[in-house]
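See structure below.
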Amino acid sequence: RDGRKRAEKCGLRAEKSRRGRTPLRREPKKTGSAPERAEEGGGVRRSLGEERAGGVLGVRAVTGLWRCRPVGRVRKMAISRGLWCCQRILAWIPVLIITLVVLWSYYAYVFELCVFTVQNGFEKAAYLVVFHLFFVMFVWTYCKAIFTVPASPSRKFQLSRADKEKYEREERPEVQKQILLDAAKRLPVYTRTAAGAIRYCDRCQLIKPDRCHHCSICDTCVLKMDHHCPWVNNCIGFSNYKFFLLFLGYSMLYCLFVAATVLRYFIMFWTGGLSDGRAKFHVLFLLFVAVMFFLSLMFLLGYHCWLVSLNRSTLEAFSAPVFQHGADKNGFNLGVWKNLTQVFGPKKKYWLLPIFTSVGDGHSFPMKSQSESHNPLLSNAEHWDEGESDVEYSATTSGATSVTIEMES
C-alpha cells in the first residue's frame, strides 16, 4: 500500500514538473535488501523516458518492487497496430470480390453453358479452348500485378549514416539544407518540387529519384509510381506497370469473348428456343456481368494507352513534372514508338507476355529536352555509381547553380 501511494505521488510530481517546467528531483537511493526496500515503500523505479512522458497510468509489482509503467503509450501502440492489421485485411476485399466473380464466371461458362447447353461438339471444343486461353492469361497477369513488389529507390538515394546523424542533431534549417544538398550532388536527379526545390521524402529519409513518389497506403517510396490500385491491392509503378496493362487487356478480351459467345444462347433462352432451367439464369447474369466489366475496362485501358503513348503516369497527368526550366507535361515524351519501348521493352515477342522487359532500372529516364541531359548538381569529378545495378550513371555540369531544398512527404 505504501509503495502504491509512493507511485501515485511520483506520477503527480512528474506531471507537475512537466507543466511547470521545474526540474524533477529523484528520490535518494535507499540501501538494504530488496524485501526491506519493498516493505519501506521505496521500491518505485522510474525510467527517464517514463519521467518525460508524464503521468503514471499503471503500477505493477516485479520481484517484490512496485514499478511505474507507461500503460497509455503501450495501449495506444497496440490500438494503432490493431487498426493497421484491420486495414491490411480489409484491403484484400476488392481482390476477393474479383476472385469470386472470376471463379463463378468459370463455372457458369464451362459447365452451365458449354457442358449442359451447347450441343454441337465442335463448337463446344472451340469455345473451351479459346476461353481457357484468355482465362489463363487473365489469371497470370492478374497475379503478376498483385504479387509483384513495387520497386523502391536504391540505397544510394538514402542519406548515409553520418549525414543522417548530422542531420538529426542539427537544428538550424540552413545547415540541414546544406547536408541534403551535398547528398544530392552525387545523384542523377532532374525533377523538382513546384517551388523548384529538391524532392525529399522525410518518411523514407531519401532523396526521391525522378518520377518517384511516396505511397501513403504502402508507406514507401515507389519508383515511377502511377497509382495505388485497390483492385490489385498494390502500387502500380515501374516494376509492374506492364503487368497491369496486360491485365487490363486480357481481362477486357476475356469479357468480350464471354459476352459474344453467350449472347446467342441468351437470345435463345428468352425466345423459347431452349428450355428453361438453371443454366438460363447463369447465362443471363454472365452476359450482364461481362458487358459491364467490358465497358469499364475499355475506358480504363484506353486511358492508360493514351498515357503510355505520351510517356506519362497517372500522377503526372494530374500534376506535370517540374524541371529546372519549369513544369513540362511532355518532359519525358520521346515519341510514340520510344514511349512504348520504355514500358514493353525493345523485343516485340515479349510484349504480350507478363515478363518484365521494361527499359532501365526506374531511377532515371531519358528526357525530351537535350538541355536536361546534364545534371547541374553533379560536378566534373563526381559521378553516381550504382554498385548493385547494371546501369552506370554519370553527368557533368558547366556552371554553378543555386538550389533550394524543401522537405516534402
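General observations
- Three-way shape label, segment 190-329, alpha-carbon gyration tensor, a/c 1.5: prolate
- In segment 155-208, Cα pairs under 8 Å separated by at least six residues give a relative contact order of 42 percent.
- Each of LEU300 and VAL102 was given a label point 7 Å from its Cα along the Cα-to-Cβ line. The distance between the two points is 1.2 nm.
- The tail of the calculated P(r) for segment 108-266 beyond 19 Å holds 66 percent of all Cα-Cα pairs.
- Computed about its Cα centre, the charge dipole of segment 155-208 is approximately 320 debye, with only Lys, Arg, Asp and Glu carrying charge at their Cβ.
- In this structure, the residue pairs whose Cα-Cα separation is over 24 Å, taken from LYS329/LYS349; LYS208/LYS329; LYS144/LYS347; LYS156/LYS348, are LYS329/LYS349; LYS156/LYS348.
- Solvent exposure of segment 155-208 as accessible area per residue, Å², 1.4 Å probe: 56 Å²
- Dividing the convex hull volume of the alpha carbon atoms of segment 303-347 by its residue count gives 66 Å³ per residue.
- Ordering CYS86, SER154, PHE116 by the projection of their Cα atoms onto the charge dipole of segment 81-232, which places +1 on the Cβ of Lys and Arg and -1 on the Cβ of Asp and Glu, puts SER154 at the extreme positive end.
- Both radii are taken from the alpha-carbon atoms of segment 155-208; with Rh as the Kirkwood radius, Rg/Rh is 0.93.
- Take the Cα of ASP182, step 7 Å toward its Cβ, do the same at LEU353, and the gap between the two points is 4.9 nm.
- Accessible surface of segment 111-213 [probe 1.4 Å, protein heavy atoms]: carbon and sulfur percent: 58 percent
The values are calculated or read from the model by the stated rules, or taken from the named source; none is laboratory data. Computed from a predicted model, the values in this text were never measured in an experiment. As a convention, Cβ positions derive from the backbone with ideal geometry for all residues, glycine included, and neighbour counts pool all protein chains shown. Each accessible area value is taken on the protein alone, full model and side chains, heavy atoms only, with ligands, DNA and RNA left out. Shrake-Rupley method; radii C 1.70, N 1.55, O 1.52, S 1.80 Å.
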